[in-house]
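The values are calculated or read from the model by the stated rules, or taken from the named source; none is laboratory data. Please read all numbers here as calculations on a predicted model, not as lab measurements. Cβ: placed from backbone, ideal geometry, glycine included. Neighbour counts: every protein chain shown. What goes into the accessible areas is simple: the full protein's heavy atoms, side chains included, and nothing from ligands, DNA or RNA. Shrake-Rupley method; radii C 1.70, N 1.55, O 1.52, S 1.80 Å.
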Amino acid sequence: MPADRAGSGDGDVREVAVAIIGGGQAGLAVGFYLRRAGLVPGEDFVILDAADQPGGAWPQMWDGLRLFSPSTYSSLPGWMMPPWDDASHGFPPRDHVVDYLTRYEQRYELAVERPRRVLSVERSTFDPHECEPLLVRTSHGDLTARVVVSATGTWTQPFWPAYPGAQSFAGRQLHASQYRRPEDFAGQRVVVVGGGNSAAQILAEVSTVTDAIWVTARPPRFLPDDVDGRVLFTTATRRVQAQHEGGDHPGVGGLGDIVMVPSVRDARKRGALEALPMFNRLDATGMVWADDTGRDSDVIIWCTGFRPALRHLSPLHLSTADGHPRTGGPAGTQATDEPRLHLVGYGDWTGAASATLIGAGRTARDTARVVLQQLDDGQRSEAIND
């Protein structure tokens, strides 16, 4: 290898068949299927994780977070998440999910390498042939891989909307990714911005310790009390399938519709779920609407979603559609401009409900089949079954 392609720190450049970037739910699911097909974790394929502990993004989420599906509908392939049954009627908390993901990678001996941050994925410039492996530069040495699976999720890329006057607001602004517990806001005038499940759950918590205001771009849509993530997953699957077939399937609603988990139902009983329309601007003291009415606040919590964490792929100069890299192929995850790259677990554009625990498994299965075929191992790809 030429001197300008030398590794970034740890001796010789390591060669593997598959490099999976990200040790969260999507990366683990891909690793499960590759292992099932006979590839050896840590040798034939590696899972590289920037975090210093298992669980993907889940350990970074707020303390009181609840899934909006029972354990049986929140599991990765191969091993069902252990049930959770308390006053939440089976909706597992964050720590239960972290424990499950930790035990999952141990159970299948997936040999996740952490903390090992991937800095970039690059094409080899010294050989024009497509069969040349991709170069993966990391914080602890570089490696080459015949196929790369990017499964870095979105948590590290919170989306902050631009609003007039935001820089002049004298209070505190934080994103949902920075929120931890309601006690931190006791006695403060809090504004929660956003109309999805995160906003509803955070509002439900904060409103127990202080006078919280909810602001949404459109009236929030609450699902019936007996509808949870199981229905949303089925609906998302049918919607994506219909779109692929050129039709439309509006269904019950989108994954952004609000599931009435126990804390949100409690907030409804307390009258805390009344949402105000979106303000037009901010000033030093708070929010200002179009009619110049205002409301003072101390804290704004932006529950405004995330964008895919894909900076490590920038050297590949992938073309985009609707703001995302173009993908296709049999699994729908193969980068159109770089067939040696797959993107898994980022949302519907990489598979129906693929950003959820249950959805990640199906997308991982389909992706692993294609990866094995790319490795000229069609016999092993047949070993992957439902």
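Assorted remarks:
- Cβ-Cβ under 9 Å pairs, at least 6 apart or on other chains, the range 206-229 side farther than 12 Å from Val193 by Cβ, far side open to solvent by 80 Å² or more (accessible area, probe 1.4 Å) and outside any loop (DSSP other than H, G, I, E, B): Val209/Glu183; Arg218/Pro277; Pro219/Pro277; Phe222/Arg268; Asp228/Tyr73; Gly229/Tyr73
- Those residues of the range 150-168 which are in a loop (DSSP other than H, G, I, E, B) and surrounded by 19 or more Cβ atoms within 10 Å (Cβ to Cβ), in sequence order: Ala151, Thr152, Gly153, Thr154
- Tally, over the range 169-212, of residues that are of a type in the set (Ser, Thr, Tyr) and open to solvent by 60 Å² or more (accessible area, probe 1.4 Å): 1
- Cross-chain or 6+ apart pairs with Cβ under 7 Å, the range 271-288 first and in contact (Cβ under 8 Å) with a residue 12 or more places away in the chain and within 18 Å of Pro219 (Cα to Cα), then in a loop (DSSP other than H, G, I, E, B) and open to solvent by 50 Å² or more (accessible area, probe 1.4 Å): Ala275/Pro219; Met278/Ala217; Asn280/Ala290
- Test: Gly345 is more than 26 Å from Ser177 (Cα to Cα), part of a loop (DSSP other than H, G, I, E, B) and open to solvent by less than 40 Å² (accessible area, probe 1.4 Å): no
- For Gly359, the criteria (1) open to solvent by less than 40 Å² (accessible area, probe 1.4 Å); (2) modelled with pLDDT of 90 or more; (3) in a helix (DSSP H, G or I) hold in every case but one, which is (2).
- Here Ala352 meets the list (1) at pLDDT 90 or above; (2) surrounded by 15 or more Cβ atoms within 10 Å (Cβ to Cβ) almost entirely, failing just condition (1).
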